[in-house]
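Here, each number is a calculation from the coordinates, and none is a lab measurement. Computed from a prediction, not measured in an experiment: that's the story for all the values here. Heads up, the Cβs are rebuilt from the backbone with ideal geometry, glycines too, and the neighbour counts pull from every protein chain shown.
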Amino acid sequence: MKKLLFFFLPLLLAVAEPAASGQEFALSTNLADYAELGTLNISASYGVSRHWSLTTDLKYNPFTFKKEESTLQLRQRSLSAGTRYWPWHIYSGWWLSASVKYQEYNWGGMASPLTTEGDRFGGCFGGGYTFMLAPSLNFDFGLELWTGYDSYTTYACPNCGKKLAEGGKFFLLPADILLGLSFIF
């Protein structure tokens, strides 16, 4: 009898556990990032308690746009990991966030031919609100600020390779304007 109980108890708990737990996982994408010359992005989140969730974000933009004799680019690879505090309940209502972020970037050709590439590392702090559209679909909006250290090189143009400056500096920048869709499961 003990052997049967030892065999069936874990099976019963494995089947009963999903029905007993709430929606803990979320995948989302920030629609505002796509307006940034097609930056692909995904965010994964896990609710660890009623008020706290852990998040990780990935962003990737490999695109370079050439128009006549100029080049336009907002290329980047970035990764962030952090947490959100939800005063009401995870994936619903107001939230505050904190995270660490790393970014490798190459931007240029917007208003002038100057191009800057480099690496940034720092911390992000933000807040926002999540609207529940359906039981498994949310719309998020929010803002984040990012501060940290930037190690950079500036070039005269995207193609010429003539260095104008290089070095490092501390920065304070907007990190994200969040207009996202989240699927919760």
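Structure notes:
- With Cα atoms, 0 to 90° folded angle of helix 2-20 axis to the chain main axis: 50 degrees
- Note on the chain: Kirkwood radius taken over Cα pairs, Stokes-Einstein applied at 10 °C and 1.306 mPa s, translational D equal to 85 µm² s⁻¹.
- What you get for the chain, charging only the Cβ of Lys and Arg (+1) and of Asp and Glu (-1), is a dipole of about 400 debye around the Cα centre.
- Candidate aspartates and glutamates for bridging to LYS66, where Cα separation is under 19 Å - those fewer than 8 sequence places away on the same chain excluded: GLU36, GLU117
- Other residues lying with their Cβ under 15 Å from the Cβ of ARG120 contribute a combined charge of -3, Lys and Arg counting +1, Asp and Glu -1.
- One chain, two ends: ASP119 and THR83. Fully extended at 0.36 nm per residue, the span grows by 10.7 nm beyond their Cα-Cα distance.
- Computed from phi, the 3J(HN,Hα) profile of region 178-185 under the Karplus parametrisation 6.51, -1.76, 1.60 (θ = phi - 60°) reads 9, 9, x, 10, 10, 10, 9, 9 Hz, with x in place of Gly and Pro.
- Helix-only [θ]222 nm of the chain, DSSP H runs n ≥ 4, -39500 (n - 2.57) each, per residue, nearest 500: -4000 deg cm²/dmol
- Look at the dipole of the chain built from charges on Cβ: of SER53, ALA134, PHE170, the Cα furthest out on the positive end belongs to SER53.
- Remark on LEU114: its backbone amide H falls under 5 Å from those of GLY109, a criterion applied only to residues 5 or more positions apart or on other chains, H modelled at 1.01 Å from N.
- For region 149-157, 3J(HN,Hα) computed residue by residue from phi via the Karplus equation (6.51, -1.76, 1.60; θ = phi - 60°) reads 10, 10, 9, 9, 9, 10, 10, 5, 7 Hz, glycine and proline entered as x.
- HN-Hα J in Hz across region 97-103 - Karplus 6.51, -1.76, 1.60, θ = phi - 60°, x for Gly and Pro: 10, 8, 7, 10, 9, 10, 9
- Approximate spin-label separation TYR60-ILE42, in nm, with each point projected 7 Å along Cα-to-Cβ: 0.9 nm
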